[in-house]
Amino acid sequence: MSRNEGRLGLDNTPTQDETPAATTAAVGLGVPASAEAPNFSWSVPTEFVELPSQGLFYSPDHPLHGEKTVEIRYMTAKEEDILTSKSLLKEGVALDRMLQNLLVDKSINIKTLLVGDKNALLVAARKTGYGPEYETKVTCPSCTNTEEYSFDISDPSMVDFQSAAADNGMTISDQGFVEIPLPMTRVVATCRFLTAEDETSLIKEAERKEKRKLQSSATTDAIRSFVVAIDGKSDRMTIETFIQTMPARDARDLRKSYSQLVPNIDLTQNYECNNCGYDADLEVPLGLDFFWPE
């Protein structure tokens with residue numbers, strides 16, 4: 001039996017205290033006394049969302065440590081109010097506030113979720129709120145024609161980070177870190193996976209530098225955020241010195257290897273242009289209409 005079955009309860013039997021008031025109200029409205037309003041009880045359904053990380057990269061004191069799924073409620077009108085709140089949108093926290101509201105386990109802080117796990121929750125929430133069909137505008141890579149296209153987000157696949165690590169000579173430690181050997185310097189970079197809060201910090205730092213017309217350092221900032229040790233040395237001076245002097249080939253290989261390992265959902269789907277017939281796999285573009293459909 002589904003965990004959501006039996007959650008709709010109807011109790012048509014008024015209590016002793018309720019009967020006179022209900023009868024009086026019904027008669028006052030010109031409705032027969034027997035046609036009393038039912039006592040309507042509704043519990044919002046929930047679902048368990050599979051975590052791309054499988055709970056492997058959270059510290060032992062985190063609520064999701066070792067957990068493969070997390071339970072969320074279905075979206076309701078209350079969540080729509082959050083998504084359309086001008087103040088929350090201006091602060092850039094509407095999506096986080098909406099997801100936090102959907103989590104059944106309130107001990108989980110949405111900011112501490114790994115980026116891929118948060119993405120899985122966003123897709124699951126969108127599906128419960130607006131259905132599995134996501135219609136958005138897509139620009140064809142071949143003829144640049146822009147058209148409405150429908151994607152099915154009902155069952156996104158997961159990135160197989162364990163196979164990727166094994167195939168590329170990388171190691172996932174018991175502590176949840178990833179060890180990536182670099183080709184030029186022959187050192188091993190120990191990396192962690194970024195949380196939603198880390199990602200937000202990187203975006204804000206990039207915006208700050210752009211606003212102040214400072215030189216962009218997005219590449220080194222990103223590497224600095226996920227590298228926790230170089231050849232086992234975890235002091236920040238060693239890490240910073242290596243990042244500033246590492247060969248370009250090592251930097252490129254590190255970024256590529258890291259991106260292949262990040263636990264995440266895979267939203268790549270087939271796209272066929274109705275104008276020129278171009279056919280290829282594209283990553284589903286998550287635009288503003290993902291949670292704000294027209």
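We did not get these values from a lab; they are worked out from the coordinates using the rules stated. It should be emphasised that the depicted structure is a prediction, and the values quoted were computed from it without experimental measurement. Every residue, glycine as well, gets a Cβ built from its backbone with ideal geometry; the counts of neighbours run over all protein chains shown.
What number comes out for the charge environment of Gln260, summing +1 per Lys or Arg and -1 per Asp or Glu over other residues with Cβ under 11 Å away?
Values: positive: Arg255, Lys256; negative: Asp160, Asp167, Asp253.
Summing Lys and Arg as +1 and Asp and Glu as -1 gives -1.
If you add up the charges near Val228, with Lys and Arg at +1 and Asp and Glu at -1, over every other residue whose beta carbon is less than 11 angstrom from its beta carbon, what do you get?
Details: positive: Arg192, Arg224, Lys233, Arg236; negative: Glu179, Asp235.
Residues near Val228 contribute +2 overall.
List the trypsin sites (Lys or Arg not before Pro) within segment 147-210 that fall in a DSSP loop (any state other than H, G, I, E or B) and whose Cβ has at most 12 other Cβ atoms within 10 Å.
Arg186
Which of the chymotrypsin sites (Phe, Trp or Tyr not before Pro) found in segment 227-294 are loop residues per DSSP with 16 or fewer other Cβ atoms within 10 Å of their Cβ? Intermediate results must be reported in sequence, preceding the final value.
Values: sites: Phe242, Tyr258, Tyr271, Tyr278, Phe290, Phe291; in loops: Tyr278, Phe291.
Passing sites in segment 227-294 are Tyr278.
When the convex hull of the C-alpha atoms of segment 230-294 is computed, what volume per residue in Å³ does it have?
Values: hull volume 12.1 nm³, N = 65.
Cα convex hull per residue, to the nearest whole number: 187 Å³.
Could you please tell me the mean projected area of the C-alpha convex hull for segment 161-261, averaged over all directions and given in square nanometres to one decimal?
Average of the hull's projected areas for segment 161-261 equals 6.7 nm².
Quick one: which of Lys213/Lys256; Lys90/Lys204; Lys111/Lys204 span more than 18 angstrom between C-alpha atoms?
From the list (Lys213/Lys256; Lys90/Lys204; Lys111/Lys204), the Cα-Cα distance tops 18 Å for Lys213/Lys256.
Mean separation of Cα pairs under 8 Å and 6+ residues apart, divided by the residue count of segment 142-196: what relative contact order is that in percent?
On the way: 36 pairs, mean separation 9.8, N = 55.
Relative contact order for segment 142-196 comes out at 18 percent.
Debye sum, Cα scatterers, segment 46-174, no solvent: what log₁₀ I/I(0) at q = 0.19 1/Å?
Those come out to -1.14, one per q.
Can you tell me the relative contact order of segment 161-261? Whole percent, Cα pairs under 8 Å, sequence separation 6 or more.
Across segment 161-261, relative contact order equals 30 percent.
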